[in-house]
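The values are calculated or read from the model by the stated rules, or taken from the named source; none is laboratory data. Treat the numbers as computed from the prediction; the structure is a model and nothing was measured. Reconstructed Cβ throughout: ideal geometry from the backbone, glycine too, with neighbour counts over all protein chains shown.
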Amino acid sequence: MADANPLELGVHRTSRLEGAPPLPAYVPRDADESVSAQLVKAKEKGGLVLLVGESTAGKSRCAFEAVRREVPDHWIIAPPAASELSPVLSHISLAGSGRRKFVLWLDDLDRFLLPGGLDQGMLSTLLEQRVVVMATMRAEAYGNYSERALRGAETAVASVRRLGSSVLNLIEPVLLGRQWSEAEMGRLRAHLAEPQPDTRLVDAAHHHGVHGIGEYLAAGPKLLAEFLTTRRQPKGHPRGAALVQAAIDLARAGISTPLPAETLLELSTCYLTSGDASRLRAESPEQALMWATEIQFGVAGMLVATETAEAWRPFDYLVDATARAAEVADIPDEVWEAAVAHADGGGELLAVGRSAFRFGRLALAERCFSPLAARGNQAAMHDLGFVQRERRPERTWPSWYRTVSETGTPLQARALGALHDIERRWDEAAACYERAAAQGDALAMRLRGVIAQRHRQYDEAHEWYVRAAEGGDAVAIACFNEPRICQPEEGHELGSKTWHPDAEWDEEEEEPWQMTARTSRILSCNLEILADMAHAELNELGDQPVSPDSFGVFFACLPASTWSQPRSWRRRMLRALDDLNEDIALGRAPEPRCAAEELALHFALESASAMTCDQPELVAEFTEGIPEQQGDYDWSVCSDLLFQDHDVLFLYDPIMRGLEHPDDPNNQRVGIGDPQSERWFKEFGNVPPRDPTRGFVH
């Protein structure tokens with residue numbers, strides 16, 4: 001790593017200075033400390049470090065400097081595509097006996113989150129080999145894998161992206177801002193005060209304007225402005241701009257290899273209008289190509305030279321800016337056909353097919369995937385199934401998937417299961433999930449549990465959730481932690497059952513139900529025990545988020561949507577336990593006044609029921625001197641009568657994932673209101689409020 005070339009790893013070239021290094025001096029970024037801390041941890045046990053930021057924010061440079069700083073003795077491997085990951089893994093495994101240490105460099109991680117690329121199984125194997133995985137990802141691409149984006153995406157697209165989402169959910173990314181912070185600018189000014197500052201940084205500091213330092217250094221905005229305005233100028237370069245636009249659209253269509261100048265010249269006619277005719281006579285094809293490839297602002301041309309003679313690729317910033325535009329123009333038919341012709345036999349047919357699918361050109365996508373699938377390409381089989389399902393849902397679209405699921409990766413078997421799930425083919429979906437789960441896919445274990453729960457097979461669902469939780473699936477951990485009433489073995493009950501919710505009873509003759517003295521005492525003890533344990537956890541956690549492997553007693557057992565809440569929120573949650581206990585101390589049944597108190601009471605009932613099942617001696621000690629009554633320790637009845645409803649428990653249901661958002665369809669269907677963590681302490685309107693001036697017991 002100490003000898004690696006940053007330009008070969010994707011760091012943007014800046015303007016050249018005679019006698020100076022290819023890149024300007026590195027100005028420390030705010031993210032450096034976090035990246036270094038994660039790398040130090042990954043160096044010992046293996047790990048994935050992900051740096052997320054906008055295009056030209058400086059992600060690759062920041063990652064490169066951190067890796068060179070923390071693991072200079074590691075060997076670096078930078079595969080060009082997802083398809084190269086399996087050979088990399090084999091090489092690392094073979095080299096393991098030689099005790100070499102490796103950094104796997106994945107610039108633009110989304111290029112590797114594809115079927116046959118980086119999945120949970122491959123990541124686990126890499127970590128077992130103690131490999132440091134250093135990855136970068138554009139913020140826009142990272143946002144495509146969020147739960148909100150997946151809910152809004154088409155079903156087929158969402159299914160593919162969920163494969164990458166399962167990897168991203170395992171890590172906490174480090175964010176890098178495009179605009180430099182005041183602290184970063186201060187470090188830049190400190191560099192400029194040195195006797196011989198880098199003049200490239202001097203120019204960037206004085207002229208970057210609204211753009212980030214990294215953007216200015218790469219001259220992206222100026223190149224973009226030149227490209228957008230030149231066609232409108234009387235003496236502009238319409239043919240040259242058309243050349244650049246053809247290259248940009250070929251990149252959007254999935255082409256990343258060098259583009260012959262002849263191809264770009266042929267396609268440029270697609271972008272020229274009748275109004276350009278008079279100016280075209282003044283701009284020959286040779287002049288157009290010269291203008292498009294001319295080095296500008298000391299950095300690069302709009303078309304960047306490659307190792308292949310007379311072949312070019314578009315400057316990355318222009319491609320990203322075009323994709324981010326408010327109105328993204330469609331790609332002409334001629335360009336799509338040229339992309340297919342260029343890709344056929346060159347290894348990019350799969351990428352072109354996926355781009356065609358994203359643009360809604362299903363017939364073209366099928367043309368790309370079909371020959372690859374026929375040759376046994378499993379990723380193409382997988383994608384072809386999606387396309388055929390969209391184009392001809394009445395046909396036997398699962399045939400390709402059966403081939404993949406039986407011979408392919410766990411990720412592909414799970415993808416087929418998801419499609420069966422959508423079609424309500426429960427048995428087929430369960431079989432696919434089980435096939436993937438047998439190979440260690442934790443998400444497939446959870447999804448198999450969902451099917452069991454949907455069919456009211458609760459014990460089986462629980463077993464699958466436990467397996468998924470042990471495999472590191474955060475959502476399954478939250479499902480596994482749902483509070484439940486513990487039932488004693490038959491013949492070992494401490495109290496006697498005297499009431500059943502379906503039994504008829506005479507309201508005039510029977511007294512209204514109330515907790516017995518022994519029941520109140522045990523519930524109070526467990527509220528106090530939970531509060532003490534939660535207080536200890538609070539001091540240990542502070543503001544740190546709960547992680548999937550934090551099998552705690554209280555805060556880690558709350559729904560996963562609460563795990564990032566700060567200490568102040570957790571302290572109010574702890575007070576909910578004390579407020580309920582105060583109700584009992586005043587001789588009343590505990591009455592939850594808000595969602596936080598409802599969930600606190602659910603956990604107290606679970607703890608109390610477990611105590612009466614498993615620790616009868618302790619129960620006898622706590623209740624010494626309190627007379628027995630019929631109905632002692634009838635926790636199921638307490639659960640039925642102490643709450644207005646049990647809606648808060650929906651937050652543990654994987655079928656209801658996303659329920660905490662008021663605009664979620666499940667939320668609107670159930671009518672649960674706004675169960676976001678921040679609203680948990682808003683008191684219900686139909687109960688007496690608690691004293692707002694009360695303090696904290698713990």
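At a glance:
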read-out	value
Among the candidates 233, 287, residue that is modelled with pLDDT of 85 or more and either in a helix (DSSP H, G or I) or surrounded by fewer than 19 Cβ atoms within 10 Å (Cβ to Cβ) (or both)	287
Residues being outside any loop (DSSP other than H, G, I, E, B) and not aromatic (Phe, Trp, Tyr) - total across region 111-154	27
Subset tally (residues that are among the β-branched types (Val, Ile, Thr), over 21 Å from residue 198 (Cβ atoms) and in contact (Cβ under 8 Å) with a residue 40 or more places away in the chain) for region 1-54	3
Filter result for residue 566 (modelled with pLDDT of 85 or more and surrounded by fewer than 19 Cβ atoms within 10 Å (Cβ to Cβ))	yes
Qualifying positions in region 426-448 - of a type in the set (Gly, Ala, Ser) and over 19 Å from residue 118 (Cα atoms)	429, 430, 431
Region 530-550 - residue that is aliphatic (A, V, I, L, M) and in contact with a helix residue (DSSP H, G or I) (Cβ under 7 Å, 6 or more places away or on another chain) and, of those, farthest from residue 585 (Cα to Cα)	546
In region 631-675, the residues that are farther than 30 Å from residue 518 by Cβ and modelled with pLDDT of 75 or more	650, 651
Filter pass, residue 572 being in the same structural domain as residue 526 (by TED's automatic domain parsing), surrounded by fewer than 18 Cβ atoms within 10 Å (Cβ to Cβ), touching a residue at least 60 places away in the same chain (Cβ under 8 Å) and under 16 Å from residue 648 (Cβ atoms)	yes
Residue among 631, 625 that is on the phi > 0 side of the Ramachandran plot, among the small types (Gly, Ala, Ser) and out of contact with any helix residue (DSSP H, G or I) (no Cβ under 8 Å at 6 or more places or on another chain)	625
Residue ID - surrounded by the most Cβ atoms within 10 Å (Cβ to Cβ), chosen from residues in region 255-272 that are of a type in the set (S, T, N, Q) and in contact (Cβ under 8 Å) with a residue 40 or more places away in the chain	263
Single unsatisfied condition, residue 277 versus (1) modelled with pLDDT of 75 or more; (2) part of a helix (DSSP H, G or I)	(1)
Every residue from region 409-444 that is polar (S, T, N, Q) and modelled with pLDDT under 85	409, 412
Close pairs (7 angstrom Cβ cut-off, 6 or more residues apart or separate chains): without any contact (Cβ under 8 Å) to a residue 12 or more places away in the chain in region 608-637, not charged (D, E, K, R) anywhere	618/611
Residue in region 145-165 that is on the phi > 0 side of the Ramachandran plot and surrounded by fewer than 18 Cβ atoms within 10 Å (Cβ to Cβ) present	no
Residue in region 375-388 that is more than 23 Å from residue 418 (Cα to Cα), at pLDDT below 85 and either surrounded by fewer than 17 Cβ atoms within 10 Å (Cβ to Cβ) or touching a Cys at 6+ places or on another chain (Cβ under 9 Å) (or both) present	yes
Single match in 612, 623 (criterion: surrounded by 23 or more Cβ atoms within 10 Å (Cβ to Cβ), more than 22 Å from residue 684 (Cα to Cα) and of a type outside the set (Lys, Arg))	612
Close pairs (6 angstrom Cβ cut-off, 6 or more residues apart or separate chains): outside the structural domain of residue 58 (by TED's automatic domain parsing) in region 220-241, at pLDDT 80 or above and among the β-branched types (Val, Ile, Thr) anywhere	227/244
